[in-house]
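Taking it in order: structure first as structure tokens, then the write-up.
Each value in this text was obtained by applying a stated rule to the coordinates, not by laboratory testing. This one's a predicted model, so the numbers in the text were calculated from it and none came from an experiment. Ideal geometry is used to build each Cβ from the backbone, glycine not excepted, and the neighbour counts take in all protein chains shown.
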Amino acid sequence: MTRIDSKRTAPDLSCMDDDLPRPRGDAASRLAGESLDSYSQDELMARIGLLEAEIGRIRRHHAKAADSRKAADALFGSRSPD
């Protein structure tokens, strides 16, 4: 008889998603194509604030990735330029 361990969780496979191709037409592309005619001035300003915050988050992530890449290049040697 096989015993089932109810406390055992499924393995985390989220790291495997990095290897999959990204779908074309990401959220930024959809936002860029959206009509803004129906938004009020207040809604537009709120949207600008959210987008500026997102740009900051992306810049911070990019800088962190660049730092990690520099550290890896220093440790293992640099790859050929992309």
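Label sites at ALA28 and SER78, each approximated as a point 7 angstrom past Cα along Cα to Cβ, lie 2.4 nm apart.
Applying the Karplus relation 6.51 cos²θ - 1.76 cosθ + 1.60 with θ = phi - 60° to region 68-76 yields 3J(HN,Hα) values of 5, 5, 4, 5, 5, 4, 5, 7, 10 Hz, where x marks Gly and Pro.
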